[in-house]
Structure formats: structure tokens, C-alpha cells
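Here's the structure, in C-alpha cells; my notes come after.
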Amino acid sequence: MSQDTVFKRQFGHRARLALSHDEVLKSDAQAHAARTMWNLLHAWWQMMPKDKRTLANADAAIRQAREDIGFLAALPAQAAQAVLKTYFQAWKNCWDGRADAPTFKGRLRTVMSVDIPQGRDLNILRVHRRWGMVNIPKVGRVRFRWTKDLPVGKLAGAESRITGARLVKDTLGWHIAFRVQTLEAGPEAHQGLEVGIDVGVTVPIALSDGQTYEHGEWLTAKEKARLRRLEQRAAQRKRQRQPGEPTSRRLHHTYDRIAGLRAKAKRRALDWQHKTTTTIARTYGTVVVEALTITNMVKSARGTIEEPGKNVAQKSGLNRSISGQAWGRTVTMLAYKTARHGGILVKVPAPGTSRRCSACGHTMPGSRESQAVFVCKNPDCGWSGNADHNAARNVLHLYRMGLALIPAAGRAVVRRAKRVKPATAR
């Protein structure tokens, strides 16, 4: 893509809010009001005839609901209109086949969130290097963690501006997700080399050039011991609860502490994935990965009563390890980051990449002696090396042979794709 081409780029930036106890209560009230507004719209939609389900009638219904139900006044009027537009858009996505039909939002299983549709209401100001200030309607002026330069003040304008934000609450507290829109020049074609990637459990990411990206445990030894104690305490308190008895405050508090530790581990995993994929996208021009069907790989081996499965516990542990590595999220990150840096991401068929010898091209039974070692059983070859690097070289070989998965009519088919000639090293 030429640098003369200018395109609109929209992305989000999430920052942690530093709220007082009173501000947390106000934000919670807004989130509960937004969820209630959604449920009222859903009930109204089901009761009304098809010819009466219009945006104007729904707007009149939510205005009347805000007058009749007192606690809905905690939600700003613009946020209520955002709930209305989101609900109608959800039905459009359902009719177009992009999503399921909207449903009732339960109190415990729904993410608490509030939309701020207009960016001019935020009035963002940077206080110093670590903190900024933002205005939240009906909450007030609050601080947020400044970790990325935002288009505010002299940096804001027609080419770069904040179009809105969304308040989101997770187990670690309230955060604000800014919606940023910029006009950027198209990137030049990446001059980097080609690389094949093999993802695994023992070695998370192995490249065909011999490089690996690994990580340690997401929780420290003390944090893992604390998590184990909390899980044991929660199980004990759950056993002591009588059938039909509501969950105690102490058990809810234990669940919250468990969720906080797991959220901390997930954040560390996301941070590692973002840094690793950014490095790969900046270094290589063509990134080749396997087209893995992860949902089939993590299916349970329990079987049925008539035909029980084998090694169920081992397969369950493997499934948890695969899910913990989040291979699909890694590929998603690589897809948009390679495109932003002028490179391309290609998927190739996965079968046979771990059993084929990358030196001689033969697939012999028993060549992969262990998870980490590959020894070719071909008498004329006998090559041995790291099993993950061998698989990554096979992935790159499939791309160089012209085999790529191109989606067609909702399914993936193998076609001969024109290979991009690798650039010479500078």
C-alpha cells in the first residue's frame, strides 16, 4: 500500500480509573440502570406487534420508563439512547446472520458497562506523567491511569480525535475504554523475510528460523498458593451451605478474591501476547501460521456411559493448557498487527506439520520421539532437532509450495496461492 493512501483507523485504549467509594457507587448505579433499560426494551420488543417495533416508539417507551422508575434517572440521557441504539443494532446483526438474537441480561453473568457516546463530554486533561483527568457524566471529574498519548488539546483535531468512551467493570475495578479515530497514511510493503510459526503448550511460539518466545508462570509461587487456599476455602464453605440457602457474604468475598487473582494472570498473559506479536509483526513481512480448529482440539474425552473415554484426566489437563495459551487470540493479534506494519498473515493446512521431516520431506511413524525432540526415521536422512522448530519449518514450506487456506462460502479450501517473492536481507 502506498503512503499516499490515507485511511481512517479506529481503535480503543483502555485505562484504569481511580474512583472513590462514592464514585464507585454512582458508576454501579449507572451500570445497573443500563442493564435494566436493556431488559425493559427486550420485554417491550416481545410484547409489541411487528409493525409497532420502531425506533420512535421504543424511544417514547424508554422516556416513559425513566419517568416511572426512579433509579433509571441515574443513567444519563445520552447513555440511555446508546442502549436503545445498541439493542436495535443487535437485532440487525441477528437478521444479517452475524450474531444470535438479543436476550435477557442477568445481574450476575452480565458485564457491568455504561456507554459515553460523545467524546466532547469527556474533557480529558493530562495532569502529569502517570495520571490524567476525565469527566464522566453524573459521576464527576475522576482520575485515570495515563499509559498512552491520547489526541487531546493541541493533538486533537479533524485528523485525530476521541469519539466516545465506555465504562467497563471487571474483577479488578472500573476502567474506561476510549474510542479513538485517526487518519493515517497507508503503510509501505514490509521488506522483512518470511517466517513460519508453530504454537504449542511447552513452547508457546516457535519460529522457523530457530527463535522461540516463551514465558513463565502467570502467577508467582505465593499467588498460586494463595489461590489454592482460596479455592479450598470456597469449596468448604460451599459444602456447608444448605440446599436452597443463599450464598453468604463471606463466600461472595472469597469468589471475588479468586476472580481477582485469575484476572491478574490474564492481564499478564495479554501483556506478553501483545509484546510478542508486535515484535513478530515488526520483524517479518510474511507470517505463516497453521489453520487450527481449536474447538475440536479441546473437546472432552469423557465419552458416554456405553463407551467411556480413556485418559480423561490427562486430556482435561491438556485442554486446560491449550485454552490457557489462547492460540486463537495470538493469531488475531498477528492478523491486524502485520497488516498495520505492511505485512501479511497466511494460514496453511495443519495436518502433518508435526510429523513431517523438514530436512528430507518424509513422514515416518515414530519420528517425533517426545514433545521436544524430532528424529527422522528415514534411513537416508536421520536428521534430528527441536520438534517445534521442525513443525514451524514445515509450516513455512507449505506456504512456499503455494498451499494456503482461502475462505470460500463459509469454509476453508486449499488453493494454490501466488507466493510473494521474499525480499533480500538488508
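Quick grid of which residues meet (1) more than 23 Å from the chain's Cα centre (by Cα); (2) more than 27 Å from H21 (Cβ to Cβ):
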residue	(1), (2)
S113	no, no
R120	yes, yes
K148	no, yes
E159	yes, yes
Condition first: part of a strand (DSSP E or B) and surrounded by fewer than 15 Cβ atoms within 10 Å (Cβ to Cβ). Now tell me which residues in segment 17-27 satisfy that.
A18
Mind listing just one residue for me: the one in segment 190-210 that is loosely packed, with under 14 Cβ neighbours inside 10 Å and not β-branched (V, I, T) and, of those, farthest from D115 (Cα to Cα)?
G210
Members of segment 173-207 found to be small (G, A, S), within 12 Å of I280 (Cβ to Cβ) and in a loop (DSSP other than H, G, I, E, B), listed by number
G192
For segment 297-320, state whether one or more residues are at pLDDT below 90, touching a strand residue (DSSP E or B) at 6+ places or on another chain (Cβ under 7 Å) and surrounded by 10 or more Cβ atoms within 10 Å (Cβ to Cβ).
yes
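Rundown of residues vs (1) within 24 Å of the chain's Cα centre (by Cα); (2) hydrophobic (A, V, I, L, M, F, W, C); (3) over 30 Å from L396 (Cα atoms), yes/no style:
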site: D209; (1), (2), (3): no, no, no
site: Y213; (1), (2), (3): yes, no, no
site: R228; (1), (2), (3): no, no, yes
site: R241; (1), (2), (3): no, no, yes
site: R250; (1), (2), (3): no, no, yes
If you go through segment 312-319 one residue at a time, do you hit one that is in contact (Cβ under 8 Å) with a residue 40 or more places away in the chain and either part of a helix (DSSP H, G or I) or at negative phi (or both)?
yes
Somewhere in segment 214-226, is a residue loosely packed, with under 15 Cβ neighbours inside 10 Å and in contact (Cβ under 8 Å) with a residue 60 or more places away in the chain?
no
Which of the residues that make up segment 100-148 are closer than 12 Å to I162 by Cβ and out of contact with any strand residue (DSSP E or B) (no Cβ under 7 Å at 6 or more places or on another chain)?
R120
Reported set for segment 245-269 where residues are in contact with a helix residue (DSSP H, G or I) (Cβ under 8 Å, 6 or more places away or on another chain) and in contact (Cβ under 8 Å) with a residue 60 or more places away in the chain is R262, K264
Search segment 52-103 for residues being of a type in the set (S, T, Y) and over 13 Å from T36 (Cα atoms), and hand back the single one that is farthest from the chain's Cα centre (by Cα).
T54
Residue in segment 372-382 that is modelled with pLDDT of 80 or more, part of a helix (DSSP H, G or I) and out of contact with any Leu (no Cβ under 7 Å at 6 or more places or on another chain) present:
no
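The values are calculated or read from the model by the stated rules, or taken from the named source; none is laboratory data. Only a predicted model underlies this, so the values are computations on that prediction, with no experimental measurement involved. All Cβ positions, glycine included, derive from the backbone under ideal geometry; neighbour counts span all protein chains shown.
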